């Protein structure tokens, strides 16, 4: 075969390789583009207010009669530990705080897409299939956990349990921070802490075990579909 016939093929292969490397470099550049704290706050703060408002409406004015779910052996075995109310509040705080730790624009956008999918799924259940959880009697002592628990129940009625929206955003944020790698070696400690706090929805008798599974599935579905 003549040399003139070989060279164009080699040139095409080289051009394809350069194009592939250029595309990968462009993708890396987009993925590593930073996002400012101001931009994150301007998105996260209104979303938090919107989510709380929507949840309160579904929670206090269900469109259909709420139904109870069957208790599992885990629900029966889970103790009622009032002190774990602090873990419950930590979940609420991390839902607003952890997204602010994401450093890159592409990761933050995926987090927002995952949030829309996961919370949209939860809101559909709240709207069309609301659930009710029978809570234990209110504690009457004046300890800090008891007062915090009573304050929570003044806002949060026992409706709209499945899936647990309290764990959706913290789990999504953990996945985003793992992809973002902004926490480095501290990420496993954060993920373990969030995972432990997720079980506070059972030990405060706010949710069924089904709600924990449903919230975890909604977060995982939202994250993977957003990718």
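Can you find a residue that is assigned to a helix (DSSP H, G or I), modelled with pLDDT under 55 and surrounded by fewer than 10 Cβ atoms within 10 Å (Cβ to Cβ) anywhere in segment 10-22?
yes
What helices (runs of 4 or more DSSP H), lying completely within segment 172-227, carry at least 1 residues that are under 12 Å from the mean Cα position of the chain (by Cα) and either surrounded by 22 or more Cβ atoms within 10 Å (Cβ to Cβ) or in the same structural domain as residue 114 (by TED's automatic domain parsing) (or both)? Don't jump to the end; show me each part of the working.
Values: elements: 187-198, 200-203, 209-226.
Qualifying helices (runs of 4 or more DSSP H): 187-198, 209-226.
Out of everything in segment 141-169 that is part of a loop (DSSP other than H, G, I, E, B) and more than 24 Å from the chain's Cα centre (by Cα), what residue ends up being surrounded by the most Cβ atoms within 10 Å (Cβ to Cβ)? Write out each step before concluding.
First, the residues of segment 141-169 that are part of a loop (DSSP other than H, G, I, E, B): 141-143, 156-158, 160-167.
From what's left, more than 24 Å from the chain's Cα centre (by Cα): 141-143.
Working: 141: 8, 142: 8, 143: 11.
Filtering segment 141-169 for residues that are part of a loop (DSSP other than H, G, I, E, B) and more than 24 Å from the chain's Cα centre (by Cα), the one surrounded by the most Cβ atoms within 10 Å (Cβ to Cβ) comes out as 143.
Pick out the one residue from 95, 116, 122 that is at pLDDT 95 or above, crowded, with 16+ Cβ neighbours inside 10 Å and in contact with a helix residue (DSSP H, G or I) (Cβ under 8 Å, 6 or more places away or on another chain).
Numbers: 95 fails: at pLDDT 95 or above; 116 fails: crowded, with 16+ Cβ neighbours inside 10 Å.
Unique residue meeting the criteria: 122.
The values are calculated or read from the model by the stated rules, or taken from the named source; none is laboratory data. Quick caveat, the model's predicted, so the values are computed rather than measured. Glycine also receives a Cβ, built like all others from the backbone with ideal geometry; neighbour counts cover every protein chain displayed.
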